[in-house]
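One structure is given here, and the rest of the page talks about it.
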There are 2 protein chains.
Amino acid sequence: MTPPDGPGCPLPDDGAGNVLLGHGSGGRLMHRLLGDLIRPALGGDTPATDAAVLPDAGGRLAFTTDSFVIRPLVFPGGDIGSLAVHGTVNDLAMSGASPAYLSVSLILEEGLALETLRQLLVSLRTAADACGVCVVTGDTKVVERGKGDGLFINTSGIGRVPDDVDLGPWAIRPGDAVLVSGDLGRHGVAVLTAREALELETTVDSDSASVAGAVTALLEAGIEVHCLRDLTRGGLSSALNELASDCGRRIEVNEADIPVREDVAATCELLGLDPLYVACEGRFVAFVPEAHVERAVGVLQSLEVSAGARRIGRVTDEPGRGVDLVSRIGARRVLDMLAADQLPRIC
Amino acid sequence: MTPPDGPGCPLPDDGAGNVLLGHGSGGRLMHRLLGDLIRPALGGDTPATDAAVLPDAGGRLAFTTDSFVIRPLVFPGGDIGSLAVHGTVNDLAMSGASPAYLSVSLILEEGLALETLRQLLVSLRTAADACGVCVVTGDTKVVERGKGDGLFINTSGIGRVPDDVDLGPWAIRPGDAVLVSGDLGRHGVAVLTAREALELETTVDSDSASVAGAVTALLEAGIEVHCLRDLTRGGLSSALNELASDCGRRIEVNEADIPVREDVAATCELLGLDPLYVACEGRFVAFVPEAHVERAVGVLQSLEVSAGARRIGRVTDEPGRGVDLVSRIGARRVLDMLAADQLPRIC
């Protein structure tokens, strides 16, 4: 059955407002979906070409990609649209880049409500505007019912890297302080409570946000930043273990200094989760020399997205590579990576 | 159940060599999948950071993205790995860019055979090497059984655009000749016969290939190229209709000049397909001024990937926008877009 089509007709659908398999074909249905829904929602006014042509950036670029398969599509404090912007923007920011351009590639499952798609793309565009990044190119595919899960979004991003910036595990030095930009675990808890439809006394909102402004503020203040890493899948523990492994050092963190909100800690306890392993989508760790700690924390605390920033540990000059946690009573234990994350499909 | 893990252990799996949901978490299982399988298969030797930092390109860049959801994953003449390179490289080439960098983002379905994944990534890397593009960044997600379909791949790409090149529908002029780079329909027919396990007398191989070299050759020969478009979803007819609509002109093509291999035409007839609407993954149309036709065809025919190049039509100065097909007996009819493609999940 071919839905009615033609000038002035509403966007053809399955009769109940949902995506058809034909919306992903190369024909008129796809052009109607792009022209009537996707491009208006994303606010695109660029010509429909195979690639976007970008002006000379006049310097080094950062390039990153992320596919988002989060379940459910909407959660307290965000949705897959805004998350797809924040995740990629933050990956760019971790290299010290200012995010500039995004691509958006959609995999729709047949039967997804077109209105849901529209709302999520508007959310994506709103987040992109707030981050100052332009959506310049995209792609849309449709898979049969039961071969996808509503909506997957890939965003790839390009950012400009300032001339004198070279951040990475290779720049980490013994004696560096480890800062965290805010309290941990809210994204994972928000998603899990939405997924399980848990009735909790308080709603925990995801921390999903762009941290690019906080990174720019650190760099512009002349802080000697050695390395940044956002705390997504696997949370703080996995990020620190990766970095310890890559830089060949031991990192020591103090449990008492690691910020976790009381309601998040309580919910984690209820659910059997350890907040040190729960994903954030608007938090990062920064490695800076001891002499810059006070100023760096001050810069971060002056911004809303990183108002909860604090020092949580340091890079030691002990042999080996790994992460040690000093507990509230002074006991020391290895903080390992989990075999698998506690929460699948968190981003 | 946590599979055995540790130094020297084989990559943990579900006991039968397949992807676990935990392979997509932020924990050790994911690091083992990346370190033992994905990075070695892709030949990556870059540090594991959130974004790749690229040197100053010293000029304009093209940026594009494509998600590949083709079914089946392997087909005569290619697979999703090589296709994911060719598709994105060709999108870059259509803007006149020389492809330089790729990102690779994977969405794995729980239960996918790890060996299948490895082979497809080796194919991807082999194709990237052949095209001279570097895979510089990536991402891996895993979704539950029944929420994906084995493997989806997103590739985004960056290429360098020569200073004096500005290709697009806006540059199409009345009188321009329309060239096609080779015979049509082989990709769609190859995929469909693989999908339906049709027993045909001859095997049609997909035309999946990079056309970037052919585009570079045209530009380096000084051909005044106005517009290029690859013939993917929706085939020749959809591509020409899009361009006619975007440039506000009528395009006339001669059926007798459009190259379709005999075995492809026969299979299309058997399957009820029109080769003018069947996707190619290694073919494009080029719009060039009349005075450059002979040289342009000569340049294309000198290269294997475009050895079958020929002139198939022209841009008229008649009013309106659309595509007219002049049949073998001289009858003229409108060549419209189909409502939906004949073949879903062709790329």
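Somewhere in segment A:11-26, is a residue within 28 Å of the chain's Cα centre (by Cα), of a type in the set (Val, Ile, Thr) and more than 26 Å from B:Ala57 (Cβ to Cβ)? Within segment A:11-26, one or more residues are within 28 Å of the chain's Cα centre (by Cα), of a type in the set (Val, Ile, Thr) and more than 26 Å from B:Ala57 (Cβ to Cβ). Do we find a residue being over 20 Å from the mean Cα position of the chain (by Cα) and over 23 Å from A:Val89 (Cα atoms) anywhere in segment A:180-196? So far as segment A:180-196 goes, yes, one or more of its residues are over 20 Å from the mean Cα position of the chain (by Cα) and over 23 Å from A:Val89 (Cα atoms). Could you list all residues from segment A:309-338 that are assigned to a loop (DSSP other than H, G, I, E, B) and acidic (Asp, Glu)? A:Asp317, A:Glu318, A:Asp336, listed by residue number. Just wondering, is there one or more residues in segment A:262-277 that are touching a helix residue (DSSP H, G or I) at 6+ places or on another chain (Cβ under 9 Å), at pLDDT 95 or above, closer than 24 Å to A:Thr203 by Cβ and among the polar types (S, T, N, Q)? No, segment A:262-277 contains no residue that is touching a helix residue (DSSP H, G or I) at 6+ places or on another chain (Cβ under 9 Å), at pLDDT 95 or above, closer than 24 Å to A:Thr203 by Cβ and among the polar types (S, T, N, Q).
Between B:Val136, B:Val104, the distinction of being closer than 27 Å to B:His31 by Cα, open to solvent by 20 Å² or more (accessible area, probe 1.4 Å), among the aliphatic types (A, V, I, L, M) and not assigned by TED's automatic domain parsing to the domain that holds B:Val305 belongs to B:Val136 only. A single member of A:Asp166, A:Asp139, A:Asp149 is within 12 Å of another protein chain (Cβ to nearest Cβ) and under 18 Å from A:Ser98 (Cα atoms), and it is A:Asp166. Listed residues A:Leu42, A:Leu37; which is among the aliphatic types (A, V, I, L, M) and in contact with a strand residue (DSSP E or B) (Cβ under 6 Å, 6 or more places away or on another chain)? Checking each option against the conditions leaves just A:Leu42. So for segment B:236-249 (the condition being in contact (Cβ under 8 Å) with a residue 40 or more places away in the chain, in a strand (DSSP E or B), in contact with a Lys or Arg (Cβ under 8 Å, 6 or more places away or on another chain) and not assigned by TED's automatic domain parsing to the domain that holds B:Ser95), does at least one residue qualify? No, segment B:236-249 has no match at all.
Taken together, the criteria place A:Arg233 among residues that are more than 15 Å from A:Asp183 (Cβ to Cβ) and open to solvent by 10 Å² or more (accessible area, probe 1.4 Å). Suppose we filter A:Val74, A:Val69, A:Val19, A:Val89 for residues that are over 29 Å from B:Ser95 (Cα atoms), in contact with a strand residue (DSSP E or B) (Cβ under 7 Å, 6 or more places away or on another chain) and more than 7 Å from chain B (Cβ to nearest Cβ); which single one remains? A:Val19 is the lone residue from the list that is over 29 Å from B:Ser95 (Cα atoms), in contact with a strand residue (DSSP E or B) (Cβ under 7 Å, 6 or more places away or on another chain) and more than 7 Å from chain B (Cβ to nearest Cβ).
Of a type in the set (D, E, K, R) and either assigned by TED's automatic domain parsing to the domain that holds A:Ser67 or open to solvent by 50 Å² or more (accessible area, probe 1.4 Å) (or both) - does that describe any residue in segment A:258-266? So far as segment A:258-266 goes, yes, one or more of its residues are of a type in the set (D, E, K, R) and either assigned by TED's automatic domain parsing to the domain that holds A:Ser67 or open to solvent by 50 Å² or more (accessible area, probe 1.4 Å) (or both). Selection of segment A:37-55 for residues being out of contact with any helix residue (DSSP H, G or I) (no Cβ under 8 Å at 6 or more places or on another chain) and at pLDDT 90 or above yields A:Arg39, A:Pro40, A:Ala52, A:Val53, A:Leu54, A:Pro55.
Out of B:Glu281, B:Glu269, one residue alone is surrounded by fewer than 16 Cβ atoms within 10 Å (Cβ to Cβ) and either touching a residue at least 60 places away in the same chain (Cβ under 8 Å) or more than 27 Å from B:Pro174 (Cβ to Cβ) (or both). It is B:Glu269. Is at least one residue of segment A:297-308 part of a strand (DSSP E or B), outside the structural domain of A:Asp91 (by TED's automatic domain parsing) and under 27 Å from A:Val189 (Cβ atoms)? For segment A:297-308, residues part of a strand (DSSP E or B), outside the structural domain of A:Asp91 (by TED's automatic domain parsing) and under 27 Å from A:Val189 (Cβ atoms): absent.
With the condition kept exactly as written, say whether any residue in segment A:175-184 is under 22 Å from A:Arg71 (Cβ atoms) and either open to solvent by less than 40 Å² (accessible area, probe 1.4 Å) or within 14 Å of another protein chain (Cβ to nearest Cβ) (or both). Yes; the residues of segment A:175-184 include at least one that is under 22 Å from A:Arg71 (Cβ atoms) and either open to solvent by less than 40 Å² (accessible area, probe 1.4 Å) or within 14 Å of another protein chain (Cβ to nearest Cβ) (or both).
One line per residue, one yes/no per condition, for (1) among the small types (Gly, Ala, Ser); (2) on the phi > 0 side of the Ramachandran plot; (3) part of a loop (DSSP other than H, G, I, E, B); (4) free of Cβ contacts under 8 Å to residues at least 40 places away in the same chain:
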| position | (1), (2), (3), (4) |
| --- | --- |
| B:Gly148 | yes, no, yes, no |
| B:Thr155 | no, no, no, no |
| B:Asp164 | no, no, yes, yes |
| B:His187 | no, no, no, no |
| B:Glu199 | no, no, yes, yes |
| B:Val204 | no, no, yes, no |
| B:Asp207 | no, no, yes, no |
| B:Leu218 | no, no, no, no |
| B:Val225 | no, no, yes, no |
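This table checks each residue for (1) open to solvent by 50 Å² or more (accessible area, probe 1.4 Å); (2) assigned by TED's automatic domain parsing to the domain that holds B:Lys141; (3) modelled with pLDDT under 95; (4) of a type in the set (D, E, K, R).
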site	(1), (2), (3), (4)
B:Thr2	yes, no, yes, no
B:Gly6	no, no, yes, no
B:Asn18	no, no, no, no
B:Leu21	no, no, yes, no
B:Gly35	no, yes, yes, no
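Filtered by the rule that a residue be of a type outside the set (A, V, I, L, M, F, W, C) and more than 24 Å from B:Ile172 (Cβ to Cβ), segment B:328-340 gives B:Arg328, B:Gly330. The number of residues in segment B:292-315 that are open to solvent by 10 Å² or more (accessible area, probe 1.4 Å) and touching a residue at least 60 places away in the same chain (Cβ under 8 Å) comes to 13. Number of residues in segment B:93-114 that are under 25 Å from A:Arg345 (Cα atoms), of a type in the set (Gly, Ala, Ser) and at the interface with another protein chain (Cβ under 7 Å from one of its Cβ atoms) equals 2. Scanning segment A:201-241 for residues that are in contact with an Asp or Glu (Cβ under 8 Å, 6 or more places away or on another chain), away from every other protein chain (no Cβ under 14 Å) and not charged (D, E, K, R) yields A:Thr202, A:Val204, A:Ser206, A:Ser208, A:Ala209. Scan B:Asp336, B:Asp341 and give me the residue that is at pLDDT below 95, within 14 Å of chain A (Cβ to nearest Cβ) and more than 28 Å from B:Phe152 (Cβ to Cβ). Criteria check complete, one pass: B:Asp336. Scanning segment B:309-335 for residues that are closer than 23 Å to B:Val288 by Cβ and among the aliphatic types (A, V, I, L, M) yields B:Ala309, B:Ile312, B:Val315, B:Val323, B:Leu325, B:Val326, B:Leu335.
Filtered by the rule that a residue be away from chain B (no Cβ under 14 Å), farther than 26 Å from A:Ala93 by Cβ and not small (Gly, Ala, Ser), segment A:255-275 gives A:Glu255, A:Glu262, A:Asp263, A:Thr267, A:Cys268, A:Glu269, A:Leu270, A:Leu271. Looking across segment B:57-74, just one residue is at pLDDT below 95 and surrounded by fewer than 17 Cβ atoms within 10 Å (Cβ to Cβ), and that is B:Gly58. For segment B:213-230, a residue qualifies if it is crowded, with 23+ Cβ neighbours inside 10 Å and among the small types (Gly, Ala, Ser), and exactly one does: B:Ala214.
The values are calculated or read from the model by the stated rules, or taken from the named source; none is laboratory data. Bear in mind that the values here come from a model prediction, so they are computed numbers and not experimental data. Cβ coordinates were reconstructed from backbone atoms using ideal geometry, including for glycine residues, and neighbour counts include every protein chain displayed. The protein model used for the area step is the full one, side chains on, heavy atoms only, and it has no ligands, DNA or RNA in it. Shrake-Rupley method; radii C 1.70, N 1.55, O 1.52, S 1.80 Å.
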